[in-house]
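> Attaching a single structure in structure tokens format; questions to follow.
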Amino acid sequence: MPSKVVVGAQWGDEGKGKIIDILASRADVVVRSQGGNNAGHTVESDGQVYKLHLIPSGILYPKTTCLIGCGVVVDPKVILEEIDGLESRGVSCANLHIDPRAHVIMPWHIELDGLSEKERGSSDIGTTRRGIGPCYMDKAERSGIRIYDLVHPDIFAKKAAAVCALKNKIIVNVYGGKALDADKIIEEYTAYGKRLAKYVSDVSVMAYEAIKAGKEVLFEGAQGALLDIDLGTYPYVTSSHPTAGGAATGTGIGPTCIEEVIGVAKSYTTRVGKGPFPTELLDEQGDEIRNRGHEFGTTTGRPRRTGWFDAVIVRHAVRINGLTSIAINKLDTLSGIKELKICTSYKKPDGSITNDFPPTLEELAECEPVYETVEGFDGDISACRSFDELPQGAKNYILRIEELIGCRVSMVGVGPGRDQNIER
Ligand code: GDP
Ligand code: IMO
Ligand code: MG
């Protein structure tokens, strides 16, 4: 069963798209199983940059089958724009399949995402405002519209009219917003459904059959461990499970189908949106890392908050995902910084030390990061292709991270390109 899950080990944007693209050269199938177009995965190949939001990063290989599982929330307008954008650049989407059970992001979800964020005022979550939370709310409440409904005009018109009427009551009476035009939405989305119909297939069956046939199947995580709805920094999280477990339920395969779980982290930490970030750098050092690493969101363009590598959060990711190895990206970004800090543990108010990420924000707020300072490294490492070629300081940094998180570092990223990767 040669199947691998790739998941984010921090707060997202760790470079999962790049790692998937590298591994996809050897894969038959790539699957997205949770999240939606809150994700932004960058792939750079042959000098071309692709920013993917819903379509699996395996799409650049013509032979790879790309699946969107039942756990994903699909904005039909966005996925069609993405398909058109890729096809206009010569990338075929003929091998794309979407599960009929996946839920559809409708205009009221986007509207309500914005309105509820506004209502929260200064305690807003800082969502991507793509309708993700409200869509998962309807799914859990069992009133959502699914891809199957979307591609069946009669079913869709009936469901959408009923749901839109109810959502308009909430939009107008609860939030004081403006009612949406149901007829216009139904007309527009019926047209999307017509175009998407040819992509609909049972992804659970396709993934299972591929695994059974011994094909190489890759699961592409979106977001990251600390954004998990249960195990992340709740409520400053997304509304799905960006973990290895989420890959199984969001595709419709069992955990025994998963052979390897590869985490992806940066050599430092970033976060977009609000919420706690123990190692955040609010000084010039933080600005320096942001500018060197071009840390601006792929989806919303927001500047990413930056900070030192936090071994406590990555250790948390190792545990909740059962990581078998980890890729550390963007080591090149740290080159030239004289001294690097690594957060090794947190100190509690009673002076005791914890190695485990606290379960609640209240407990986290009382903790203080404990740092260890290590010597930095210099020079352009973007052309290094083996671990031995790296400067000693860079090697030491990676080896120390490996020791602290208790997980083998199997890849080190030294640039955004497909080839700028060291396999260990
Ligand atoms: P994802 O959401 O996890 O797929 O990550 P994003 O694509 O949102 O953000 C990662 C950014 O880092 C992208 O711009 C990548 O091109 C870039 N990147 C990935 N790996 C490396 C690396 O090793 N070095 C550098 N300099 N950039 C990288
Ligand atoms: P990729 O796959 C980074 C963050 C948002 C916000 C929180 C909730 O590119 O790593 P949501 O719109 O999901 O309700 O927002 O989650 N967030 C991400 N941050 N990378 C992502 O995806 C993210 N997807 C959501 O910024 O803080
Ligand atoms: Mg991203």
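Nothing in this text is a laboratory measurement; each read-out follows from the coordinates by a stated rule. Note that the coordinates shown come from a computational prediction; the quantities given were computed from them, not determined experimentally. Counting neighbours? That spans all protein chains shown, and the Cβs are built from the backbone with ideal geometry, glycine included.
> Let's test the formula: R0 of 41 Å, r as the Cβ-Cβ distance of Ile155 and Thr256. What FRET efficiency results, to the nearest 0.05?
0.70
> Given +1 on the Cβ of Lys and Arg, -1 on the Cβ of Asp and Glu, and no further charges, what dipole in debye does region 381-423 carry about its Cα centre, rounded to the nearest 20?
80
> Would you mind calculating the gained length between Asn173 and Lys77 on full extension (0.36 nm times residue separation, minus the Cα-Cα distance), in nm to one decimal? Walk me through the intermediate numbers first.
Values: separation 96, 0.36 × 96 = 34.56 nm, distance 2.75 nm.
Gain on stretching Asn173 to Lys77: 31.8 nm.
> Return the inverse of the average 1/r over all pairs of distinct C-alpha atoms in region 1-54, which is the Kirkwood hydrodynamic radius, in Å to one decimal.
Radius from the Kirkwood sum: 12.1 Å.
> I would also like to ask the following. Write down, largest first, the equivalent ellipsoid semi-axes of the chain in whole Å, where each equals the square root of 5 times an eigenvalue of the alpha-carbon gyration tensor.
They are 36, 26, 19 Å, listed from largest to smallest.
> How large is ³J(HN,Hα), in whole Hz, for each residue of region 386-400 in order, when computed from phi with the Karplus curve 6.51 cos²θ - 1.76 cosθ + 1.60 and θ = phi - 60°, using x for Gly and Pro?
9, 4, 5, 6, 5, x, 3, x, 5, 5, 4, 4, 5, 5, 5
> With only Lys, Arg, Asp and Glu charged, each at its Cβ (+1 for the first two, -1 for the last two), find how big the charge dipole of the chain is about the Cα centre; round to the nearest 20 debye. If you can, show how the numbers build up before the last one.
Numbers: 49 positive and 58 negative charges, 201 e Å.
So the magnitude is around 960 debye.
> When DSSP assigns beta bridges and you keep just the ones with both residues in region 253-353, what percent turn out antiparallel, to the nearest 5?
On the way: 6 of 13 bridges.
So the antiparallel bridges in region 253-353 amount to around 45 percent.
> Here's another thing I want to ask about it. Would you mind putting 401-407, 72-78, 347-353, 364-370 in packing order, based on average other-beta-carbon counts within 10 Å, highest first?
Answer by packing, highest mean first, reads 72-78, 401-407, 364-370, 347-353.
> Could I ask something else about it? Suppose R0 equals 25 Å. What FRET efficiency, 1/(1 + (r/R0)^6) with r the Cβ-Cβ distance, do Glu366 and Tyr234 give to the nearest 0.05?
0.90
> Can you find, among Tyr234, Ile186, Tyr61, the residue sitting farthest towards the positive end of the charge dipole of the chain, where Lys and Arg contribute +1 and Asp and Glu -1 at Cβ?
The listed residue farthest towards the positive side: Ile186.
> Same structure, new question: Mind checking the dipole of region 103-196: about its Cα centre, +1 per Lys or Arg Cβ, -1 per Asp or Glu Cβ, Debye to the nearest 20? Write down the numbers at each step before the final one.
Working: 15 positive and 13 negative charges, 29 e Å.
Taking the Cα centre of region 103-196 as origin, the dipole is about 140 debye.
> Could I ask something else about it? Select from Tyr397, Val370, Ile289 the residue farthest towards the positive end of the dipole of region 265-423; place +1 on Cβ of Lys and Arg, -1 on Cβ of Asp and Glu, and compute about the Cα centre.
Result: Ile289, furthest along the dipole toward the positive end.
> Another one. Applying a 10 Å radius around every beta-carbon, put 125-132, 106-113, 4-11, 251-258 in order of their mean neighbour count, most first.
Packing order, densest peptide first, comes out as 4-11, 106-113, 125-132, 251-258.
> Considering only Ala102, Trp11, Ser382, whose Cα is most displaced toward the positive end of the charge dipole of the chain, charges sitting on Cβ of Lys, Arg (+1) and Asp, Glu (-1)?
Ala102
> Right, another one. Taking a quarter of the surface of the convex hull around the Cα atoms of region 194-270, what do you get in nm²?
Over every viewing direction, the Cα hull of region 194-270 projects on average to 7.3 nm².
> While we're looking at this one, here's another question. For region 162-178, just list the computed ³J(HN,Hα) in residue order, Karplus coefficients 6.51, -1.76 and 1.60, θ = phi - 60°, integers in Hz, with x standing in for Gly and Pro.
Working through the residues one at a time gives 5, 5, 4, 4, 5, 5, 4, 4, 5, 4, 7, 7, 8, 9, x, x, 9 Hz.
> Let me ask something else about it. Out of the DSSP beta bridges found with both residues in the chain, what percent are antiparallel (nearest 5)?
Around 40 percent of the beta bridges assigned by DSSP in the chain are antiparallel ones.
> How big is the convex hull of the Cα atoms of region 265-423, per residue, in Å³?
Each residue corresponds to 122 Å³ of Cα convex hull volume.
> Which FRET efficiency value, to the nearest 0.05, do you get for Lys212 and Glu284 by plugging their Cβ-Cβ distance into 1/(1 + (r/R0)^6) with R0 = 60 Å?
Working: r = 55 Å, r/R0 = 0.91.
In this case the efficiency is close to 0.65.
> Out of the DSSP beta bridges found with both residues in region 265-423, what percent are antiparallel (nearest 5)?
Antiparallel bridges make up about 70 percent of those DSSP assigns within region 265-423.
> Phe219's amide H: which non-local residues (gap 5+, or another chain) put their own amide H closer than 5 Å, with H modeled 1.01 Å from N in plane and none for Pro or chain starts?
For Phe219, the qualifying residues are Lys4, Val5, Val6, Val31.
> Let me ask you something else. Looking at the square roots a ≥ b ≥ c of the eigenvalues of the Cα gyration tensor of region 75-158, which shape do they give, rounded for a/c under 1.5, prolate if a/b is larger than b/c, or oblate?
Oblate shape, in that a/c is at least 1.5 and b/c is the bigger or equal ratio.
> Just the ratio, please: alpha-carbon radius of gyration of region 103-196 over 2.2 N^0.38 Å, N its number of residues.
Numbers: Rg = 13.3 Å, N = 94, 2.2 N^0.38 = 12.4 Å.
The reported ratio for this selection is 1.08.
> Another question about this same structure. Run lengths n ≥ 4 of DSSP H only: what is the helix-derived mean residue ellipticity at 222 nm for the chain, with -39500 (n - 2.57) per run over all residues, to the nearest 500?
Numbers: 13 runs with 137 residues, N = 424.
After summing the helix terms and dividing by residue count, I get -9500 deg cm²/dmol.
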